[in-house]
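Asks: Shown below is the structure under consideration.
The values are calculated or read from the model by the stated rules, or taken from the named source; none is laboratory data. This one's a predicted model, so the numbers in the text were calculated from it and none came from an experiment. Positions of Cβ are generated from backbone atoms using ideal geometry, with glycine treated the same way; all protein chains shown enter the neighbour counts. Keep in mind that these areas ignore ligands, DNA and RNA; they rest on the heavy atoms of the full protein, side chains included. Shrake-Rupley method; radii C 1.70, N 1.55, O 1.52, S 1.80 Å.
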Amino acid sequence: MASPRPLASAAEVAEACADDDLIVWAAQGMRPGVRAWALGDAVAVASPGASRRDRLAIRGSAKCALPLARYALAEAGPTYRPFGDAELVRAISAGVEGLTEAVGFSWMVTRSAPPPRGEAAGDGEAGWLRPRADPEIATLLADANPSSYAVPGVERVSRWAGVRDVSGELVVVAADAWSAPTVGLMAGVATAAPARGRGLAERVCRFVTRALVAEHGRAALMVDDWNDSAIRLYERLGYARRCVAANRLGAG
């Protein structure tokens with residue numbers, strides 16, 4: 001088999017991967033520090049700090065992806081985590097010495113803005129928050145979504161949207177975070193416990209999704225497979241679900 005060839009631009013990555021939204025997102029417009037390679041029908045992108053992880057996004061047949069993963073991990077280093085379709089990442093886990101067992105979750109994407117929806121009276125509209133709201137956002141996340149990768153002040157968490165209740169308290173948030181030029185990413189969704197069941201998470205996610213599709217052409221997100229209510233919400237907004245997985249070298 002031939003040696004992997006480097007991909008130097010976002011356009012080369014998009015062409016090599018048939019515009020696969022996960023791979024294109026990982027490339028982050030080939031910002032400084034991102035590296036990419038192709039081998040046969042496989043493409044791998046080493047993306048530092050993508051959603052707070054050094055990710056090695058990979059796609060292709062196992063025949064080509066396995067040697068490409070070995071090559072890319074040797075080039076990029078042990079902090080990088082193979083990330084891609086669940087079946088492929090599990091094959092890589094079995095075929096690359098030192099990788100941990102693959103952990104599954106879902107990648108969801110839409111190319112269509114969700115249609116407007118009439119909102120119930122009694123709470124505020126969704127909108128972008130000003131930086132002075134960061135302490136409120138951090139408090140809400142600590143209470144309602146403490147495992148969120150997106151938090152105020154983290155690099156490339158670009159902006160936050162939210163809804164306030166009739167008293168002015170911030171009760172739901174979502175972030176535009178680690179977006180790539182042609183794939184916007186939504187993260188950091190959280191709803192205060194007393195405000196749940198009123199459709200406010202859907203309100204803010206609808207707002208952010210419409211903005212990301214308008215600005216990037218696609219909106220994507222990552223969600224745990226056990227979170228059925230969130231998955232149903234995102235499917236109502238038009239997101240399609242893709243089973244993915246990630247793993248890493250060693251026990252760190």
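Asks: Looking only at segment 136-171, which residues are in contact with a helix residue (DSSP H, G or I) (Cβ under 7 Å, 6 or more places away or on another chain) and touching a residue at least 40 places away in the same chain (Cβ under 8 Å)?
Replies: Within segment 136-171, Ala144, Ser148, Ala161, Gly162, Val163, Asp165, Leu170, Val171 meet the criteria.
Asks: Further question: Can you name the number of the only condition in (1) open to solvent by less than 20 Å² (accessible area, probe 1.4 Å); (2) closer than 30 Å to Met30 by Cβ that Ser158 fails?
Replies: Unmet condition: (1).
Asks: With respect to Glu136, is the statement that it is more than 29 Å from Gly104 (Cβ to Cβ) and open to solvent by 80 Å² or more (accessible area, probe 1.4 Å) true?
Replies: Values: more than 29 Å from Gly104 (Cβ to Cβ): yes; open to solvent by 80 Å² or more (accessible area, probe 1.4 Å): no.
It is false that Glu136 is more than 29 Å from Gly104 (Cβ to Cβ) and open to solvent by 80 Å² or more (accessible area, probe 1.4 Å).
Asks: Next question, about the same structure. If the Cβ limit is 8 Å and pairs must be 6+ apart or interchain, which residue in segment 50-71 that is more than 28 Å from Arg156 (Cα to Cα) pairs with which residue that is among the charged types (D, E, K, R)?
Replies: Hits for this filter: Gly60/Asp41; Ser61/Asp41; Cys64/Asp41; Ala65/Arg59.
Asks: Another question, then. Name, by its number, the condition in (1) of a type in the set (A, V, I, L, M); (2) open to solvent by 20 Å² or more (accessible area, probe 1.4 Å); (3) closer than 23 Å to Arg218 by Cβ that does not hold for Ala177.
Replies: Single failed check for Ala177: (2).
Asks: Could I ask something else about it? Would you pick out the residues in segment 82-114 that are open to solvent by 20 Å² or more (accessible area, probe 1.4 Å), within 18 Å of Ala62 (Cα to Cα) and in a loop (DSSP other than H, G, I, E, B)?
Replies: Glu97, Gly98, Thr100, Glu101
Asks: In the list Arg70, Arg55, which residue meets the criterion of being among the basic types (Lys, Arg) and surrounded by 19 or more Cβ atoms within 10 Å (Cβ to Cβ)?
Replies: Just one listed residue meets the conditions, Arg55.
Asks: Using the structure shown, decide if Leu170 is more than 23 Å from Ala102 (Cα to Cα) and either buried (at least 17 other Cβ atoms within 10 Å of the Cβ) or of a type in the set (S, T, N, Q) (or both). Steps first, please.
Replies: Details: more than 23 Å from Ala102 (Cα to Cα): yes; either buried (at least 17 other Cβ atoms within 10 Å of the Cβ) or of a type in the set (S, T, N, Q) (or both): yes.
Against the criterion (more than 23 Å from Ala102 (Cα to Cα) and either buried (at least 17 other Cβ atoms within 10 Å of the Cβ) or of a type in the set (S, T, N, Q) (or both)), Leu170 qualifies.
Asks: Looking for whichever is buried (at least 24 other Cβ atoms within 10 Å of the Cβ) and among the hydroxyl-bearing types (Ser, Thr, Tyr) here; the options are Ser47, Ser61. Which one fits? Spell out how you get there, then give the answer.
Replies: Values: Ser61 fails: buried (at least 24 other Cβ atoms within 10 Å of the Cβ).
Of the residues listed, the single one that is buried (at least 24 other Cβ atoms within 10 Å of the Cβ) and among the hydroxyl-bearing types (Ser, Thr, Tyr) is Ser47.
Asks: Next question. Can you run down the residue pairs with Cβ atoms below 8 Å, 6 or more apart or on separate chains, where the first is in segment 13-39 and on the phi > 0 side of the Ramachandran plot and the partner is surrounded by fewer than 23 Cβ atoms within 10 Å (Cβ to Cβ) and assigned to a helix (DSSP H, G or I)?
Replies: These pairs meet every condition: Gly29/Ala10; Met30/Ala10.
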